[in-house]
1. Limited to the stretch 72-106, what total is found for residues that are touching a Pro at 6+ places or on another chain (Cβ under 8 Å) and either without any contact (Cβ under 8 Å) to a residue 40 or more places away in the chain or among the polar types (S, T, N, Q) (or both)?
2. Can residue 248 be described as closer than 30 Å to residue 187 by Cβ, assigned to a helix (DSSP H, G or I) and polar (S, T, N, Q)?
3. Which of the residues spanning the stretch 250-279 are under 15 Å from residue 195 (Cα atoms) and in contact (Cβ under 8 Å) with a residue 60 or more places away in the chain?
4. When you go through (1) surrounded by 14 or more Cβ atoms within 10 Å (Cβ to Cβ); (2) over 26 Å from residue 43 (Cβ atoms); (3) not small (Gly, Ala, Ser) one by one for residue 314, which number turns out not to apply?
5. Give all pairs with beta carbons closer than 8 Å in which a residue from the stretch 205-228 that is buried (at least 17 other Cβ atoms within 10 Å of the Cβ) meets a residue that is among the basic types (Lys, Arg); count only pairs at least 6 apart in sequence or on separate chains.
6. Counting just the residues of the stretch 180-205 that are part of a strand (DSSP E or B) and either under 17 Å from residue 278 (Cα atoms) or assigned by TED's automatic domain parsing to the domain that holds residue 290 (or both), which one comes out nearest to the chain's Cα centre (by Cα)?
7. Just a yes or no: is a residue in the stretch 83-96 among the hydroxyl-bearing types (Ser, Thr, Tyr) and out of contact with any helix residue (DSSP H, G or I) (no Cβ under 8 Å at 6 or more places or on another chain)?
8. Only residues that are among the polar types (S, T, N, Q), in contact with a Ser or Thr (Cβ under 7 Å, 6 or more places away or on another chain) and buried (at least 19 other Cβ atoms within 10 Å of the Cβ): list them for the stretch 61-111, please.
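The values are calculated or read from the model by the stated rules, or taken from the named source; none is laboratory data. On a predicted model such as this, the values are computed, not experimentally measured, just so you know. Every residue, glycine as well, gets a Cβ built from its backbone with ideal geometry; the counts of neighbours run over all protein chains shown.
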Amino acid sequence: MKKLLTLLLSFLLVFTLAGCGNSDNKNDNQTEAKPITVVLDWTPNTNHTGIFVAQAKGYFEDAGLKVEIVQPPEDGAVPLVASGKAQFGVSFQDYLAPAFVGENQLPVTAVAAVIQHNTSGIVSRAGEGMDTPKGLEGKKYATWDLDVEKATIRDVMKADGGNFELVELIPSTVTDEVSALQSKSVDAIWIFYGWAGVACQIADLAIDYFEFADIDPVFDYYTPVIVGNDAWLAENPETAKAFINALSQGYNYAVNNPKEAADILMEAAPELKANSELVYASQEYLAAEYIADAKRWGEFDADRWAAFFQWLNENDLLADKIDPNHGFTNDYLPE
């Protein structure tokens, strides 16, 4: 009996050690989280909420990713993504166009639309006749002096029977649209309604506003978008899909829970708490715009993408002609 008991204990000890060994091996062999760097286009704002939600809610972690969110260098997110120092970044279709032509094309692709439609247009003080493009004649417009910008305003004014040459172009130093309009330093400003337009509402500033896309659908291009590095995407398609899927969860959460999403954004970027009323209102506005009439978050409409690039070609606004269908994909979006 003693020999039998000794033998039994020996077997138990061997199996126990084997089990411990297997457990240790399992931990040692667990796949490490894959690092990804995302570079923003600007300081954190409600365009970026889904990114911060995906981080805070653990969607990236659940996808096996370790994501770092960084702010852009002076020349923006695209060069950093193109260099491979960041895998993903935030940009805009109109800003991407010059990167897709010439001898030094940047190897990036738009992989998701952050907001489904272009929500930019011209804001002015109410009742001063600038509720349509023609009304800009003889008025002071704050310009960035960009060719695409001026061509856009020229086209919408022409469609409304106006003459762009009669607009007084004032070099833009606007950092606060509300103050600029109230002081009458300028009469009209190009804004993105989801932030500056909402800010005017909160300030009880009576405004007139028209969107470019309402004048001509060719201006319903994608702004902003998520871009990825081409080489990295090709080498890591499943990781790219995992990242975009987690991002999609973040933006869908923001659609369904705008207040909670705004809280998450402000927790990640405490400097926004000083304008919490604006953040909450902006988030509420964008909750209806992230997906809008698309079948899923991030979806690109090929015809809309191509129409804007074709307009750039027709107006000779790039150093060379651009392939209207170049630069975007829906392949990494969740089904």
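1. Filtering the stretch 72-106 down to residues touching a Pro at 6+ places or on another chain (Cβ under 8 Å) leaves 73, 79-80, 82, 89-92, 106.
Adding the requirement that they be either without any contact (Cβ under 8 Å) to a residue 40 or more places away in the chain or among the polar types (S, T, N, Q) (or both) leaves 73, 79, 91, 106.
Selection size over the stretch 72-106: 4.
2. Details: closer than 30 Å to residue 187 by Cβ: no; assigned to a helix (DSSP H, G or I): yes; polar (S, T, N, Q): yes.
Against the criterion (closer than 30 Å to residue 187 by Cβ, assigned to a helix (DSSP H, G or I) and polar (S, T, N, Q)), residue 248 does not qualify.
3. The answer is 262, 265, 272, 277, 278, 279.
4. If we test residue 314 against (1) surrounded by 14 or more Cβ atoms within 10 Å (Cβ to Cβ); (2) over 26 Å from residue 43 (Cβ atoms); (3) not small (Gly, Ala, Ser), just (1) comes out false.
5. Every condition considered, the pairs that remain are 207/125; 208/125; 220/304; 221/304; 222/304.
6. Residues of the stretch 180-205 that are part of a strand (DSSP E or B), as a first pass: 188-192.
Now drop any that are not either under 17 Å from residue 278 (Cα atoms) or assigned by TED's automatic domain parsing to the domain that holds residue 290 (or both), which leaves 191-192.
Values: 191: 16, 192: 13 Å.
Restricting to residues being part of a strand (DSSP E or B) and either under 17 Å from residue 278 (Cα atoms) or assigned by TED's automatic domain parsing to the domain that holds residue 290 (or both), the top hit is 192.
7. Yes, the stretch 83-96 contains a residue that is among the hydroxyl-bearing types (Ser, Thr, Tyr) and out of contact with any helix residue (DSSP H, G or I) (no Cβ under 8 Å at 6 or more places or on another chain).
8. If we filter the stretch 61-111 for residues that are among the polar types (S, T, N, Q), which is where we start, we get 71, 83, 87, 91, 93, 104-105, 109.
Among the residues that remain, those that are also in contact with a Ser or Thr (Cβ under 7 Å, 6 or more places away or on another chain) are: 71, 87, 93, 109.
Correct list: 87, 93, 109.
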